[in-house]
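Below: the structure, in structure tokens.
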Amino acid sequence: MLLQKNSIKILIGILFLLCISLAQETKDVHLKNIRQLTFGGENAEAYFSQDGKSLIFQSTRDKYDCDQIFTMSSNGKKLKMVSTGKGRCTCGFFSPDNKNIIFASTHLEEDSCPPRPDYSKGYVWPLYKTYEIFLAKPDGSNLKKLTDSYGYDAECVFSPDGKKILFTSDRDGDLELYEMDTQGKNVKRLTNSPGYDGGSFYSPDGKLICFRAQIISDSNELKDYQNLLEQGLIRPSKLEIFIMNADGTGRKQITGNGAANFCPYFSPDGKKIIFSANMHDPQGRNFELYLINPDGTGLEQITFNDVFDAFPMFTSDGKKLVFASNRNAKVKGETNIFIADWLD
């Protein structure tokens with residue numbers, strides 16, 4: 001009798017999980033054949049090569065206490081560390097011709113990881129002053145430093161034609177967007193507004209830039225922002241998505257929900273922007289993926305679950321989407337890379 005009752009409980013549990021899975025599939029109308037590519041550790045910011053065959057991402061795993069830059073094939077195989085294994089790294093990206101990569105790293109300052117931020121000030125992000133941007137071959141060889149200013153230089157991406165690099169820096173006393181050529185020369189400041197501008201990407205034709213930005217609404221918020229910035233910190237609880245022309249003109253806000261909106265990326269046809277936000281969670285902990293038109297209309301929720309989903313990027317043909325998520329986590333804080341077929 002006991003065995004029969006246990007069997008019934010197991011069957012009910014299986015049916016319950018199946019119902020949840022079917023409901024999830026019904027909601028996730030754009031995502032099919034979701035596959036997990038990494039298993040364990042903290043893996044994030046995975047970005048495709050132009051041909052969609054490779055991914056570059058940051059990961060804290062194995063013997064490394066903070067993020068290093070790795071590459072792998074888009075099926076999760078051929079994993080290779082391409083950073084130095086020293087310091088902390090972030091924001092890896094392939095050049096359009098796949099002949100180079102860029103990423104930011106603190107390894108020139110010290111071999112060990114920089115200290116974690118002081119969360120007694122609330123939830124804050126660290127802005128390590130020792131980050132510099134580096135260019136290398138896809139296997140990590142021929143490493144070359146592109147930036148040379150004490151301060152935060154990171155969040156770097158190539159332009160679609162491969163001639164420019166877009167990045168975030170506090171070199172002028174505020175967190176603004178800049179561009180430079182692939183040799184680190186001809187630096188040009190693109191934004192000029194109080195507050196954080198970052199996490200930027202070009203549109204497929206290179207004519208527009210999407211990014212996240214902090215809106216400073218009063219003197220108290222400005223003072224808080226500036227005090228944190230002096231300590232190498234930022235409070236990212238309120239970020240909105242913006243677009244502008246590639247030369248920095250025509251800045252336009254496209255979200256206005258007062259939440260944490262970040263990691264925007266254009267669809268291959270340039271007609272949509274996919275991003276992550278916690279706008280539907282009163283606690284601000286659950287991030288989902290959303291689509292929106294560049295004019296701010298047509299908001300559509302893409303993922304539906306109770307964990308973190310972020311850092312989305314399409315392949316250039318629009319057939320696949322890669323993103324980072326806490327789903328299927330074995331331990332608290334585990335974040336993995338997932339890939340899915342994209343259905344319009």
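The values are calculated or read from the model by the stated rules, or taken from the named source; none is laboratory data. No experiment lies behind these values; they were computed from the predicted model shown. Quick reminder, even Gly has a Cβ in these numbers, built from the backbone with ideal geometry, and neighbours come from all protein chains shown.
Residue by residue, here is whether (1) farther than 20 Å from S325 by Cα; (2) within 16 Å of the chain's Cα centre (by Cα); (3) buried (at least 17 other Cβ atoms within 10 Å of the Cβ) holds:
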| site | (1), (2), (3) |
| --- | --- |
| S54 | no, no, yes |
| Q58 | no, yes, yes |
| S73 | no, no, no |
| V82 | yes, no, yes |
| K86 | yes, no, yes |
| S95 | yes, no, yes |
| I102 | yes, yes, yes |
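Within the stretch 235-254, is even one residue of a type in the set (G, A, S) and surrounded by 20 or more Cβ atoms within 10 Å (Cβ to Cβ)?
Among the residues of the stretch 235-254, not one is of a type in the set (G, A, S) and surrounded by 20 or more Cβ atoms within 10 Å (Cβ to Cβ), which makes the answer no.
Given the condition over 21 Å from A324 (Cβ atoms), surrounded by 14 or more Cβ atoms within 10 Å (Cβ to Cβ) and not hydrophobic (A, V, I, L, M, F, W, C), answer yes or no: does some residue in the stretch 113-123 qualify?
Checked against the condition, which is being over 21 Å from A324 (Cβ atoms), surrounded by 14 or more Cβ atoms within 10 Å (Cβ to Cβ) and not hydrophobic (A, V, I, L, M, F, W, C), the stretch 113-123 yields at least one hit.
Look through the stretch 218-240, keep the residues that are closer than 27 Å to F311 by Cα and small (G, A, S), and return whichever of them is nearest to the chain's Cα centre (by Cα).
Only one residue tops the list, namely S237.
Does at least one position in the stretch 258-269 carry a residue that is of a type in the set (A, V, I, L, M), within 14 Å of H30 (Cβ to Cβ), out of contact with any helix residue (DSSP H, G or I) (no Cβ under 7 Å at 6 or more places or on another chain) and outside any strand (DSSP E or B)?
no
Might you check whether a residue that is surrounded by fewer than 21 Cβ atoms within 10 Å (Cβ to Cβ), of a type in the set (A, V, I, L, M) and assigned to a strand (DSSP E or B) occurs anywhere in the stretch 209-229?
No; the residues of the stretch 209-229 include none that is surrounded by fewer than 21 Cβ atoms within 10 Å (Cβ to Cβ), of a type in the set (A, V, I, L, M) and assigned to a strand (DSSP E or B).
Taking the stretch 150-191, which residues are touching a residue at least 24 places away in the same chain (Cβ under 8 Å) and polar (S, T, N, Q)?
Of everything in the stretch 150-191, those that are touching a residue at least 24 places away in the same chain (Cβ under 8 Å) and polar (S, T, N, Q) turn out to be S159, T168, T182, Q183, T191.
Do the conditions hold for T130, that is, is it modelled with pLDDT of 95 or more, among the β-branched types (V, I, T) and surrounded by fewer than 22 Cβ atoms within 10 Å (Cβ to Cβ)?
Yes.
Restricting to the stretch 148-169, name every residue that is crowded, with 22+ Cβ neighbours inside 10 Å and part of a loop (DSSP other than H, G, I, E, B).
Y152
Looking at the stretch 293-306, can you tell me whether even one residue there is of a type in the set (F, W, Y) and surrounded by 19 or more Cβ atoms within 10 Å (Cβ to Cβ)?
Within the stretch 293-306, none of the residues are of a type in the set (F, W, Y) and surrounded by 19 or more Cβ atoms within 10 Å (Cβ to Cβ).
Output the residues belonging to the stretch 285-319 that are within 26 Å of R251 (Cβ to Cβ) and of a type in the set (G, A, S).
Within the stretch 285-319, G296, G298, A310 qualify.
Any residue that is hydroxyl-bearing (S, T, Y), in a loop (DSSP other than H, G, I, E, B) and within 16 Å of the chain's Cα centre (by Cα) - is there at least one of those in the stretch 305-319?
Scanning the stretch 305-319, I find at least one residue that is hydroxyl-bearing (S, T, Y), in a loop (DSSP other than H, G, I, E, B) and within 16 Å of the chain's Cα centre (by Cα), so the answer is yes.
Among the residues that make up the stretch 128-136, is at least one of them small (G, A, S) and within 23 Å of F158 (Cβ to Cβ)?
Checking the stretch 128-136: at least one residue is small (G, A, S) and within 23 Å of F158 (Cβ to Cβ).
Name every residue in the stretch 26-62 that is of a type outside the set (D, E, K, R), out of contact with any Leu (no Cβ under 6 Å at 6 or more places or on another chain), in contact (Cβ under 8 Å) with a residue 24 or more places away in the chain and closer than 17 Å to E334 by Cβ, in order of residue number.
Result: I34, Q36, L37, T38, F39, G40, G41, N43, A44, F57, Q58.
Cβ contacts < 7 Å: first residue under 20 Å from P96 (Cβ atoms), restricted to the stretch 128-148; second residue hydroxyl-bearing (S, T, Y) and part of a strand (DSSP E or B), any location; separation 6+ or different chain. Result?
F134/S105; P138/T71
Against the definition (crowded, with 20+ Cβ neighbours inside 10 Å, in contact with a Pro (Cβ under 6 Å, 6 or more places away or on another chain) and either under 20 Å from S169 (Cβ atoms) or in contact (Cβ under 8 Å) with a residue 24 or more places away in the chain (or both)), how does F262 come out, yes or no?
It is false that F262 is crowded, with 20+ Cβ neighbours inside 10 Å, in contact with a Pro (Cβ under 6 Å, 6 or more places away or on another chain) and either under 20 Å from S169 (Cβ atoms) or in contact (Cβ under 8 Å) with a residue 24 or more places away in the chain (or both).
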